[in-house]
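Novice: Before I ask anything, here is the structure I am working with.
The values are calculated or read from the model by the stated rules, or taken from the named source; none is laboratory data. Only a predicted model underlies this, so the values are computations on that prediction, with no experimental measurement involved. Here Cβ is always computed from backbone atoms with ideal geometry, including for glycine, and neighbour counts include all displayed protein chains. Quick note on the areas: whole protein, heavy atoms, side chains included, nothing else; ligands and nucleic acids left out. Shrake-Rupley method; radii C 1.70, N 1.55, O 1.52, S 1.80 Å.
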4 protein chains.
Amino acid sequence: MTVKISATEMNAFLDVVFPQIKGAFFVERLDETGCVMRMPMDESHLRPGGTISGPTMFTLADVAAYVTTMGQIGKQALAVTTGCSLDFMRKPEAGRDLIAHATLLKIGKSLSVTDILLYSDGKQEPVARATMTYSIPPTRS
Amino acid sequence: MTVKISATEMNAFLDVVFPQIKGAFFVERLDETGCVMRMPMDESHLRPGGTISGPTMFTLADVAAYVTTMGQIGKQALAVTTGCSLDFMRKPEAGRDLIAHATLLKIGKSLSVTDILLYSDGKQEPVARATMTYSIPPTRS
Amino acid sequence: MTVKISATEMNAFLDVVFPQIKGAFFVERLDETGCVMRMPMDESHLRPGGTISGPTMFTLADVAAYVTTMGQIGKQALAVTTGCSLDFMRKPEAGRDLIAHATLLKIGKSLSVTDILLYSDGKQEPVARATMTYSIPPTRS
Amino acid sequence: MTVKISATEMNAFLDVVFPQIKGAFFVERLDETGCVMRMPMDESHLRPGGTISGPTMFTLADVAAYVTTMGQIGKQALAVTTGCSLDFMRKPEAGRDLIAHATLLKIGKSLSVTDILLYSDGKQEPVARATMTYSIPPTRS
């Protein structure tokens, strides 16, 4: 089974549907098992103490689940997050890109479930984990 | 029991510790049971279809839990989120402020647990719910 | 708006659909906002150190969400849990019944979302919180 | 790095600390990355429609996280669950054992985080996922 959209196409699609965050994320790999994404870090992502903010990590996990789901169903901008859980486990390093490894757990008619591990680039241990559930809009006929 | 910081002081403190998001949030009430916060919406918070983005809702819930926790322990910028769960239940209205009602469930020596309901201003039914766990840094002696 | 099944009817229905746990739970109140349930504790619910087991608390929260949902849609045994989050906040007392206060947050065509606070009977502070999402089977026509 | 307790020792320890559920679970593998556990299914685990109950799946995930944590810290019966999230994704098969694959994500001084995938024995796709956080009691000195 193959994905319905390539990593290159997905990067272009993200710029169109999320113009506010253009250039903030890069899909490095997208296949039927999930995706790998990269998010460069700058001052705007930091919190007191030099740590990366929770919303930054949420955002990357959320986009990685969206990209994983689009790989299965093709471009459907209106898929929306319906639920999530996150555990923040280690302090990410301010000077390293944030990397997401997303794994598709379920793709059904009406929803998808994706597990995501977040890493500071080049490090072995995950800084956070997340599970994201997306609601898939009914296909027009 | 009273809170260790007033809503007015908390608003000033947020501007100092989170300069990147200055003016994005307002504490309307802060007491020992929790807080009420307001987040004005603009184009930057929107997603395809005119809905408010998941990261926007996460951010408000996260800040409301932080403010609730600060009310208990006083200004300690280094408290960090360790875990959360969110359910997105209804489409928020793009033209209305997002309002958080936060309720303190537990304040211990090392962590706090806060429940948050998010509303579109003026509406009865919540658009999302969240639970946020914060880790509290040990007191210096 | 009223519920589609009374607390008395619900207690009888629970005994029929969950014969394995007959007499384990009692619905004390059921209305359109949610329900209150009681679960008597005995040795089988305890863990090392005299605390009540996590599965016991999960079970009560799960049943309270089921009862709350049935109050909205009527008897439909096939509703199933699709997701949940729990935070265990305080040690319940072994000698006190476990009480659930469930609040309906959303009832849609295909799912319900219910928040639950668990208490040791007679105590002010919750021992645990949970959110349960139930999938509602499509209505036969 | 090796675990502080073998699968065989862990099986014996479970029977001692959880006598109520003796024989309900079997540790098949326990190493520094996590564990594999097996839970035979019988009538007591079923719900209307022949599905395995949510509490049954919660219980197996909870024990698998406990076993994974014990592998790291040695026998400490008083470790307790502090939080969890679960997604129930597919209907488990009533006639097949339930299998847990647990992966350790973090072991710190005061808590552990474990991801668990649950399967119907012999099937490829997980029926549920869970993340369990355990609080580790301070070492006596």
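Novice: Just to verify a number: what accessible area does B:Ile136 come out at with the full protein assembly present, 1.4 Å probe, Å² rounded to tens?
Specialist: We get 20 Å² for B:Ile136.
Novice: Output the 0 to 90 degree angle, nearest 10, between the alpha-carbon long axis of helix A:54-73 and the longest principal axis computed from the alpha carbons of chain A.
Specialist: Tilt of helix A:54-73: around 20 degrees.
Novice: Further question on the same structure: Below 8 Å, C-alpha to C-alpha, sequence gap of six or more: please give me the relative contact order for the stretch B:3-65 in percent.
Specialist: 23
Novice: Please find the FRET efficiency linking C:Val16 to A:Asp42, where r is the Cβ-Cβ separation and R0 is fixed at 51 Å, and quote it to the nearest 0.05.
Specialist: 0.25
Novice: Moving on to the next point. So how far, in whole Å, is the C-alpha centre of the stretch B:102-141 from the one of the stretch B:1-71?
Specialist: 11
Novice: Additional query: Could you tell me the accessible area of B:Ser44 in Å² (1.4 Å probe, neighbours in place), rounded to the nearest ten?
Specialist: 70
Novice: Considering protein heavy atoms only and a 1.4 Å probe radius, which residues within the stretch C:101-116 exhibit an accessible-area decrease of no less than 50 Å² in the full assembly relative to the chain by itself?
Specialist: SASA drop of 50 Å² or more in the stretch C:101-116: C:Leu105, C:Lys106.
Novice: Tabulate in residue order the Karplus-calculated ³J(HN,Hα) for the stretch B:128-136, using 6.51 cos²θ - 1.76 cosθ + 1.60 with θ = phi - 60°, rounded to whole Hz; enter x for Gly and Pro.
Specialist: 7, 10, 8, 10, 10, 10, 10, 8, 9
Novice: Okay, moving on. Report relative contact order for the stretch C:7-135 in percent, whole number only (criteria: Cα-Cα under 8 Å, sequence separation at least 6).
Specialist: It comes to 26 percent, rounded to a whole number.
Novice: When the accessible area of chain D is computed with all protein chains present and a 1.4 Å probe, what percentage of it is carbon and sulfur?
Specialist: 52
Novice: Below 21 Å Cα-Cα, how many Lys pairs turn up in chain C? Only count pairs eight or more apart in sequence, or on different chains, if you could.
Specialist: 7
Novice: Can I ask one more? Going through the stretch C:69-140, which trypsin sites (Lys or Arg not before Pro) have at most 12 other Cβ atoms within 10 Å and a DSSP loop state?
Specialist: Sites meeting the loop and neighbour criteria: C:Lys109, C:Arg140.
Novice: Determine the per residue accessible area of the protein assembly as shown with all protein chains present and a 1.4 angstrom probe, expressed in square angstrom.
Specialist: Counting only protein heavy atoms, the per-residue value for the protein assembly as shown is 42 Å².
Novice: Hey, what angle do you get for helix C:7-17 against the long axis of chain C, alpha-carbon based, 0 to 90 degrees rounded to 10?
Specialist: 90
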